[in-house]
Structures are given as structure tokens and as C-alpha cells.
Amino acid sequence: MMAKRKYLLGFSPTRVREPITYRMVKEFDLMLNILRAEVSERGGRLLIEIEGKPSKITSGVKYLKEKGVDVKELNEYVSKDEERCTHCGMCVSICPADAFELDRKTYKVHFKSDKCIACGLCLDACPPDAMKLRIW
Amino acid sequence: MVMTAEEIIDVVRRKGVEKATREVDVVTTGTFGAMCSSGAFLNFGHSEPPIKMQKVWLNDVPAYTGLAAVDAYIGATEIRENGDMDYGGANVIEELIAGNPVHLKATAYGTDCYPRRKIETYVSLKTLNQAYLYNPRNAYQNYAVATNSSDMTLFTYMGKLLPNHGNATFCSAGQLSPLLNDPQCRTIGIGTRIFLGGAVGYVAWEGTQFSTKAPTKNGVPTRGSRTLAVIGDLREMSTDYVRALDFRRYGMSLAVGIGIPIPILDEQMMKCVSISDKDIFAPVLDYSVQSRSRKPLKEVSYAELKSGSIELFGKKVKTSSLSSYYKARQIAEKLKQSVQKGDFLLTEPIKRLPEDRTFNPLEIVSKEEVK
């Protein structure tokens, strides 16, 4: 069984030159998809999706923590405010990951956060301003 | 019997027009979409000493006050003077309906009868003497589909349009939309009682840009065509059916919920209300062409648009609606129940809307050239 999890990694300025993530991938046989990356005065931030055996992911995360990386598991990158959402469906064609589904029975729009790749394209596309950035 | 414009489709298919006409008296419609040409008239009451307001701001959004002393009109698309594009008249209207306090600032030149020159205070729906929505153009009969052939993302009133025909957006409830169910406006006219933003409202006049010249297919226009000017009390409205919309890098707009009951006068009327999405067409326009005369790339049906994608140049293009079909259904259903219970009475129009009207463009001409 393969699992998929999203993590936000924080690297202190002294760590940004070390290929820590690369070593994790090699050592624990994990597939990694970089969703977002940034280096600033405060250090580096990396938003990744890791795919692999659950036990290997756990070991990989443990390795990162040992290396002094700040690791936060993410369930949601953006969130949908159900009070604001009018279910128009503007987001549906914007999302490259098809994370928004228009139920053609109820005509309600559902946000599937597990499909979200954290691109943020929906944020400035939602007319009633229902999509909010949770992180980053 | 009362049915929604969606429910009637299947009834007519099963029973035929004749039988359906005998059984059904009223068909209710609904739409909930961005309607930029919206706004509200407000009366603030007189201050001590009084002021003849010359400039007015509500939560820093300018309102028009070139009227009597304390009357103003707040337009939905007006934005703050500091350049903030994410808060405008539409938000002020939504806040008023929600019952929230709104900051009022006004300045004046001062007169003998209105000596005050400046005022700052708070108002709410409870303190305002009158607060009514008066929207000069709502409920467009039909509307074009927007796409973008350029290699840049476009931010328009038709939403975010991705490069290289990355998506296409449309804005109509299609088979549930009021004016598509009464294409000739036989029953909808001046004085028609309607559902407006949760309140009982009325058709005040023909909407601006009203046109009877659009080409038709299956008896309904395939272009913008007819529109309605509507009026209703803000006090009776709900933010469920009036909602500020923020089109980033374009500006603000207002989502307005409108529902209109259509009395089934005869079989012809029943035929009209039984129209379904597959028979209603809209042109696809390229919004990267910055001109008023864009040539339609093709015509597509609302059934195709609502399927999730249309085909453009042999490529599957994802579609998005800017009009909430979920809310349109809610409105048609709510109206159906009100009519059934006898809470909502149908009206005969006082006067029919124009049967021959052209929508003129604006030409740049000299004083001598103008017609």
C-alpha cells in the first residue's frame, strides 16, 4: 500500500545549502512532488507531497526532524468557506487538479482537498471570495 | 398546480403540451448571477443642523448624491477612492442587508437652509428611512460565453480566463432563467411582481440595453437581448440571495437572485416554459479581442456548457458557470411554494415591455454629426 501525504517543511537559514530532501528521497525510496518552494531571509520553505510506503514516509519524516527541519503535515492548503460559497462553479474550470467537483444532481460544488496541489489558482478566481489560503 | 421551469420539462415530454397546459397553472423561474447594473437608493434622514450632502461615502465607498439633501444612490460596482478594488458598493449593500452598521461620511458647501458642511456617523437598515434596490439592468435574457485565446490570464467580469482557451465561462441559468421561459415577454412586463433578493419586488421598467433584435434559435434569443429594471425593499432581502462578488483586477459586482412566476396562459406559453438547456444557445466570444464587435467563435448549447466542457478548435475546454444553478433552483422552488400557498400573488403587467427596441452603440462624433 502506497500513501500520499503533504508536508510543509521549514529550513533554518543554516540548513538551506544541505540537500536534506534529496537524501530523504534516496534513503527511504519516496516519490516527491514539490508544490511550492521559497528561500528568504528567514530560511527556506518547501511544500511537498510525498508518496511511498507509510512506514517509509514515517521514517523519512523522522529523518527530516533529526536534521533539524521543521515538519508540519498538511491536510488543507486552501479552504472553502461554505457560508460564502454560492456554488456558481467558477473554480471548477480553474483548478488544474480537478479538486472542485460540481455535483450534477444537487448542483453544489465540493472541494476535495486531497486532490489539491496547492497552486493557489482558485484564490483570486472565486467571485464571492470563499477560497481562503490556510498556509504559506 | 405550480411547477418549476425545470420540473415542467419532463412533464411536457411525458404528457404533451396540451395535457400539461390543462394541469399546470404557473411555472416558476429562477436565476442567481452577477448583475453589475445594480444599486440601492437610500434616504439618511436629516441631521441637526441639517446638511445638503454634496459628496457621500459609505464605508469609504462613494455614493451618488446629486439629488435632494439626504438621498443617495450606492452603485454595486463603485469602489473605494484609495484604489482598493476588493470592497465596493456591492459590499455596502450586502452589509446593510446583513444588518451591519455602515459608516457614513458626507461633505457639503453649506447653504442658508442647510448650514452643515460635514458629517460623520453610522447608519444601518434600521435607521435609514428608505433603502431599496433599484437595478437598471438585471436578468439578461441570454449572455455570451467567454474564453481567451491570448497567452496571458485575463481578469474580466466573466471571471478569470485562462490562457490559450484554458477555460470558458458562462452566466445564465439557462432553462430556469426567467426571460428564456417567456422569450417574447408576454407575461413579464412593467409592474410584474417578482422574487428579488429574497424580497417581493417588481419589474420597474425595461432594463437598459433592452433589445428585441437578437437572432433566435428554437424561439429564444442566442444573444443578450431583453433585460429588466427591477425594484424591491432592501429590508426584506437576505444575503442568501444578494451577495457581493469580487472579480479580481476587474472590480466588484453584485450577485442578485431573481425569480419570476409565469402564468400558463395557453399552449404557446407552455411550449415556451418547457424549453430545455439543449435548445438554448449562446455564442462563444474571445475576450482577448478588446473590441465591442467580437466575432463569435461558435455557438454552444447550455446542455454542452453545463456538461463541464465544450469543444473549441478540436480541443476540450473546461467550462465554469458564474451563475449559480444551485441558487437558481432554490429560488424557483421557494417561489413555487409561495405561489402554491397563496403568499405570492401573480400580477398582470401594467404595460408590456417594448416589442421593437434596438440597442445602439456609442459612436465618437462631432456635434454636427450626432443624429
Checklist line | Range in chain B, longest, excluding exposed GluC sites (Glu not before Pro) [loop by DSSP; at most 11 other beta-carbon atoms within 10 Å] | finding: B:82-354
Check: If you average the sequence gap of Cα pairs under 8 Å that are 6 or more apart and divide by the length of chain B, what percent do you get for the contact order?
Finding: 23 percent
Next item on the list: Kindly provide the helix-only [θ] at 222 nm of the protein assembly as shown, computed as the sum of -39,500 (n - 2.57) over DSSP H runs of four or more divided by all residues, to the nearest 500 deg cm²/dmol?
Entry: -4500 deg cm²/dmol
Check: What does the charge add up to near B:Glu94, with Lys and Arg as +1, Asp and Glu as -1, over the other residues with Cβ less than 12 Å from its Cβ?
Finding: -2
Check: Per residue of A:126-134, how many C-beta atoms from partner chains lie within 10 Å of its own C-beta, taken as a mean?
Finding: 4
Notebook entry, point to check: What accessible surface, in Å², does a 1.4 Å probe find on B:Thr358, ignoring ligands, DNA and RNA and rounding to the nearest 10?
Noted result: 80 Å²
Note to self: Threshold 30 Å², probe 1.4 Å: give the residues of segment B:231-252, in number order, that are less accessible with all protein chains present than with their chain alone.
What the structure shows: B:Arg243, B:Leu245, B:Asp246, B:Arg248
Item checked: Per residue accessible area of segment B:90-207, 1.4 Å probe, in Å² -> 35 Å²
Note to self: Take B:Asp10 and A:Thr14, extend 7 Å from each Cα along the Cα→Cβ direction, and tell me the distance between the two endpoints in nm.
What the structure shows: 6.9 nm
Notebook entry, point to check: Can you list residues whose amide H is under 5 Å from B:Thr28's amide H, if they're 5+ apart or on another chain and H is modeled 1.01 Å from N?
Noted result: B:Met3, B:Thr4, B:Ala5, B:Ile262
Notebook entry, point to check: Along the charge dipole of chain A, Cβ charges K/R +1 and D/E -1, which of A:Pro19, A:Cys122, A:His87 sits furthest on the positive end?
Noted result: A:Pro19
Check: Using the Cβ atoms and a cut-off under 9 Å, what net charge is assigned to the surroundings of A:Leu32, where Lys and Arg are +1 and Asp and Glu are -1?
Finding: -2
Next item on the list: Kindly report, to the nearest 10 Å², the accessible surface of B:Val203 as traced by a 1.4 Å probe over protein heavy atoms only.
Entry: 0 Å²
Next item on the list: Find the accessible area per residue for segment A:1-99; the probe is 1.4 Å, ligands and nucleic acids are left out, and the unit is Å².
Entry: 56 Å²
Next item on the list: Summarise the partner chain shielding of B:154-162 as one whole number: the mean count of Cβ atoms from other chains within 10 Å of each residue's Cβ.
Entry: 3
Margin query: Show me, for segment B:176-184, the HN-Hα J-couplings you get by feeding each phi into the Karplus relation (A = 6.51, B = -1.76, C = 1.60, θ = phi - 60°), rounded to Hz, glycine and proline as x.
Written below: 9, 6, x, 6, 7, 8, 9, x, 9
Margin query: Using the crude model of +1 on Lys and Arg Cβ and -1 on Asp and Glu Cβ, and no other charge, please compute the dipole size for segment B:277-371 relative to its Cα centre, in debye to 20.
Written below: 380 debye
Notebook entry, point to check: How much of the calculated P(r) for segment A:19-134 lies past 19 Å, in percent of all Cα pairs?
Noted result: 54 percent
Margin query: Nothing charged except the Cβ atoms of Lys and Arg (+1) and of Asp and Glu (-1): what's the magnitude of the dipole of chain A about its Cα centre? Round to the nearest 20 debye.
Written below: 420 debye
Check: What is the interface area between chains B and A, defined as buried accessible area summed over both chains with a 1.4 Å probe, reported in Å² to the nearest 100?
Finding: 2200 Å²
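Using the Cβ atoms and a cut-off under 11 Å, what net charge is assigned to the surroundings of B:Leu58, where Lys and Arg are +1 and Asp and Glu are -1?
Within the 11 Å Cβ shell, the charges total -1.
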Item checked: Farthest positive-ward along segment B:211-289 dipole, Cα basis, beta-carbon charges - from B:Ile231, B:Tyr287, B:Cys272 -> B:Tyr287
Next item on the list: Could you work out how far apart the two model spin labels at A:Arg36 and B:Glu348 are, taking each label as a point 7 Å from the Cα in the direction of the beta carbon, and quote it in nm?
Entry: 6.2 nm
Note to self: Under 5 Å between amide hydrogens, which residues at least 5 positions from B:Tyr132 or on another chain qualify, with H placed 1.01 Å from N in the peptide plane?
What the structure shows: B:Phe41, B:Leu234
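Select from segment B:306-371 those chymotrypsin sites (Phe, Trp or Tyr not before Pro) which occupy a DSSP coil region and have at most 11 other Cβ atoms within 10 Å, ordered by residue number.
Here the chymotrypsin sites (Phe, Trp or Tyr not before Pro) that fit, given the DSSP loop and packing criteria, are B:Phe313.
Of all the accessible heavy-atom surface of the protein assembly as shown, with the other protein chains kept in place and a 1.4 Å probe, what percent is carbon and sulfur? Provide the component values of the computation, followed by the final result.
Details: 11760 of 23780 Å².
On the protein assembly as shown, the fraction of accessible area on carbon and sulfur atoms equals 49 percent.
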Next item on the list: Just flag the chymotrypsin sites (Phe, Trp or Tyr not before Pro) in segment B:71-137 sitting in loop per DSSP whose Cβ has no more than 13 other Cβ atoms within 10 Å.
Entry: B:Tyr109
Margin query: Give the lysines whose C-alpha is closer than 22 Å to that of B:Lys118, dropping any in the same chain fewer than 8 places away, or say none.
Written below: B:Lys52, B:Lys55, B:Lys105
Check: Got a sec to turn the phi values of segment B:54-64 into Karplus ³J(HN,Hα) couplings, 6.51 cos²θ - 1.76 cosθ + 1.60 with θ = phi - 60°, whole Hz, x for Gly and Pro?
Finding: 9, 9, 10, 10, 10, 6, 6, 9, x, 10, 8
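Based on the Cα gyration tensor of the protein assembly as shown, what are the three equivalent ellipsoid semi-axes, each the root of five times an eigenvalue, rounded to whole Å and given largest first?
For the protein assembly as shown, the semi-axes come out at 45, 32, 22 Å.
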Notebook entry, point to check: Under the Karplus relation 6.51 cos²θ - 1.76 cosθ + 1.60, θ = phi - 60°, what is the ordered set of whole-Hz ³J(HN,Hα) values for segment B:326-339, x standing for Gly and Pro?
Noted result: 4, 6, 4, 4, 4, 5, 4, 5, 4, 5, 4, 5, 5, 5
Note to self: Which aspartates and glutamates, if any, have their Cα less than 14 Å from the Cα of B:Lys15, not counting same-chain residues under 8 positions apart?
What the structure shows: B:Glu7, B:Glu23, B:Glu267
Notebook entry, point to check: Put simply, what bits of segment A:72-111 lose 40 Å² or more of accessible area when the other protein chains are there, versus the chain on its own (1.4 Å probe)?
Noted result: A:Arg84, A:Thr86, A:Cys88, A:Met90, A:Ser93, A:Ile94, A:Arg104, A:Tyr107
Note to self: Counting other C-beta atoms within 10 Å, and keeping those with at most 16, which DSSP coil trypsin sites (Lys or Arg not before Pro) do you find in segment B:262-330?
What the structure shows: B:Arg292, B:Arg294
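The values are calculated or read from the model by the stated rules, or taken from the named source; none is laboratory data. These numbers come from a predicted model, not from an experiment. All Cβ positions, glycine included, derive from the backbone under ideal geometry; neighbour counts span all protein chains shown. Side chains included, ligands, DNA and RNA excluded: accessible areas come from the protein's heavy atoms. Shrake-Rupley method; radii C 1.70, N 1.55, O 1.52, S 1.80 Å.
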